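Read-outs throughout are calculated quantities, based only on the coordinates presented, and are distinct from any laboratory measurement. Every value quoted in this text rests on a predicted model; they were computed, and no experiment measured them. Cβ atoms come from the backbone with ideal geometry, glycine included; neighbour counts cover every protein chain shown.
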Amino acid sequence: MDQKANILVLGTSGAGKSTLINAVIGREVAKVGYGKHGTEKMQAYESEDLSFRLIDSRGFDYSFWGTQKTVKDMSDWMKSGLRDKKPRIHMLWFCVDATSKRFTAKTLKTLEYVKKEWKDIPTIVVLTKSFFPAEDKENIEMVQETFRKMAKRTGRPVAIIPVLAYPPKGMEILPRGIEELICVTEENLDSAFKDSDEAVRRYDLKCKKANAQALTAVSASSAAVVGAIPIGVPDAVILTPLETGLITGISKIYGMNQKDDFTKTIASRIVEAGAVSMAAKAAINQLKLVPGVANLAADVLNAIVAGTIVFGIGEASVIVMEKVYVGDIDKENLDWINGIVNSKMGKAVAKITEIMSKNNGKIKPKEIIEVLVKK
Ligand SMILES: Nc1nc2c(ncn2[C@@H]2O[C@H](COP(=O)(O)OP(=O)(O)OP(=O)(O)O)[C@@H](O)[C@H]2O)c(=O)[nH]1
Ligand SMILES: [Mg+2]
């Protein structure tokens, strides 16, 4: 297994990312730019002595599109690490040029895009080109101030470290900050590994949920069509195959074995709970009382009810399957399923009732899915 952490080095163009990487690795590995972009694409560098590798990136420039392109490359990389189990990024070093104080806030704001998919990735802000120790305090405060405003979206940095990779020609000052940067990074790697496992878990659940909800919307639309066929059998009977299909589909998304008895039990418990859901029954009775509903053709009302019921079943199945998937359940006593189904069915019908009350009982069957999926 790959034991080295991956650290993505970000920052404005010319902030000194490649120079910093060379100083940390201890050799001239990354190309440094003079007068133009030094780094064109992302590349990783490592040294035997370090338990992390550094990934150099093309810097953000001050043009809007240049920055967008760089930001997109970053977030694609971070996402593919989560999705495809490619090498993940465990930490960010965000470089801010300590000499260009006007751009600090603007540069740091790009973090908001980068961190969209992964808010909690630990970040160290490196104040590069910190030529003057006397300015450290105000530079650090400037970074802190920016984070105060955007911490909700980006989290706060683990540390803010002024660094001078090498002294400028003719100036009698010493390089500084590199040791501290390495130490603080090493200290935070354990938790960075744990955070990244957690992020992968969350991302995996998010994808599964999105797929399951999409399937629910499709099935609820089909149910609305089935419900609109005027045949003389009770709704529940026509809907059961659709419901069963939907539940099976969702359980597949959550990787459950279809031949397993437990999977079958869970599926039939959801269907049963749906059929006897008192919340749904009460809510449907409420729906029938909405002014104007009495004027609806029976098949239209049936279509609405059918779509809503299947939607509620799907929503409940997502919660149930997710709980089974993460192991957060009592397998011996499955009564908790009733509660979930009841609540989701009740909510779905309540949503539809509310909209129909506002529209004097009018809603087209095909609109109900739109209403239901709206958060
Ligand atoms: N004296 C001194 N110059 C530095 C330091 N860090 C960066 N520079 C100079 O700043 C310029 C840009 O440095 P790079 O390391 O290429 O910057 P970058 O962030 O990698 O730039 P891009 O790859 O274009 O995004 C170079 O001329 C470096 O020599 C430093 O610590 N001391
Ligand atoms: Mg570079």
- Item | segment 5-176, relative contact order [Cα under 8 Å, separation at least 6], % | 22
- Task: Name the lysines eligible as straight-distance cross-link partners of Lys351: C-alpha to C-alpha under 21 Å, and not fewer than 8 places from it in the same chain.
- Result: Lys209, Lys281, Lys288, Lys362, Lys364, Lys366, Lys374, Lys375
- Identify, among Val226, Leu239, Phe131, the residue whose Cα sits farthest towards the positive end of the charge dipole of the chain, taking +1 on the Cβ of Lys and Arg and -1 on the Cβ of Asp and Glu, with the dipole about the Cα centre. Val226
- Query: Of the cross-linked pairs Lys109/Lys208; Lys72/Lys109; Lys72/Lys129, which ones have a Cα-Cα span greater than 19 Å in the structure shown?
  - Reply: Lys109/Lys208; Lys72/Lys129
- Item | Under 5 Å, built H, 5+ apart or other chain: amide partners of Ser13 | Phe60, Asp61
- Message: From the P(r) of the chain, could you give the percentage of C-alpha pairs in the tail past 30 Å?
- Response: 54
- Task: Starting at the first residue of segment 137-149, write each ³J(HN,Hα) from the Karplus equation 6.51 cos²θ - 1.76 cosθ + 1.60 with θ = phi - 60°, in whole Hz, x for Gly and Pro.
- Result: 4, 5, 5, 4, 5, 5, 5, 4, 4, 4, 5, 4, 6
- With +1 on each Lys and Arg Cβ and -1 on each Asp and Glu Cβ, how big is the dipole of the chain about its Cα centre, in debye rounded to the nearest 20? 1340
- How far, in degrees from 0 to 90, does helix 278-289 lean away from the longest principal axis of the Cα atoms of the chain, to the nearest 10? 70
- Note on the structure: Footprinting proxy, Ile313, Ile319, Ile253: sorted fewest to most Cβ within 10 Å, the residues are Ile319, Ile253, Ile313
- Helix 64-83: angle to the longest alpha-carbon principal axis of the chain, degrees 0 to 90, nearest 10? 60
- So the FRET efficiency between Ser191 and Ala294, C-beta based with R0 = 51 Å and rounded to 0.05, is 0.25
- Item | Lys, Arg +1 and Asp, Glu -1 on Cβ, resulting dipole of segment 5-176 about Cα centre, debye, nearest 20 | 700
- Task: Compute the FRET efficiency between Gln43 and Lys331 as 1/(1 + (r/R0)^6), taking r as their Cβ-Cβ distance and R0 = 41 Å, and round to the nearest 0.05.
- Result: 0.25
- List, in order, the whole-Hz ³J(HN,Hα) value for each residue of segment 247-256 obtained from phi through the Karplus relation with A = 6.51, B = -1.76, C = 1.60 and θ = phi - 60°; use x for Gly and Pro. 4, 4, x, 5, 5, 5, 4, 8, x, 7
- Hey, what's the per residue convex hull volume over the C-alpha atoms of segment 204-373, in cubic angstrom? 99
- Integer Hz, Karplus 6.51/-1.76/1.60 couplings in order for segment 166-176, x for Gly and Pro: 8, x, x, 3, x, 9, 8, 10, 9, x, 7
- Message: Ignoring everything except DSSP H segments at least 4 long, calculate the 222 nm mean residue ellipticity for the chain; use -39,500 (n - 2.57) per segment, divide by total residues, nearest 500.
- Response: -20000 deg cm²/dmol
- Item | Fewest-first sequence of Trp336, Trp65 by Cβ atoms within 10 Å of each Cβ | Trp65, Trp336
- In the chain, which longest range has no GluC sites (Glu not before Pro) that are both DSSP loop (not H, G, I, E or B) and surrounded by at most 16 other Cβ atoms within 10 Å? 173-331
- Taking the Cα atoms only, what angle lies between the long axis of helix 298-326 and the longest principal axis of the chain, rounded to 10 degrees? 50
- Message: Could you tell me the relative contact order of the chain? Use alpha-carbon pairs under 8 Å, at least six residues apart, and round to a whole percent.
- Response: 13
- Run the dipole for segment 204-373 about the Cα centre, Lys and Arg Cβ at +1, Asp and Glu Cβ at -1, nothing else charged, and hand back the magnitude in debye, nearest 20. 400
- Task: Do me a favour and compute the ellipsoid semi-axes for segment 5-176 from its Cα gyration tensor, root of five times each eigenvalue, largest one first, whole Å.
- Result: 23, 20, 15
- Spin-label model distance (nm) - Lys358 vs Met278, 7 Å beyond Cα toward Cβ: 3.0
- When Lys and Arg each count +1 and Asp and Glu each count -1, what net charge do the other residues less than 12 Å away from Lys109, Cβ to Cβ, add up to? +3
- Task: Take every Cα pair under 8 Å in segment 204-373 that's 6+ residues apart, average their separations, divide by the length, and report that relative contact order as a whole percent.
- Result: 34
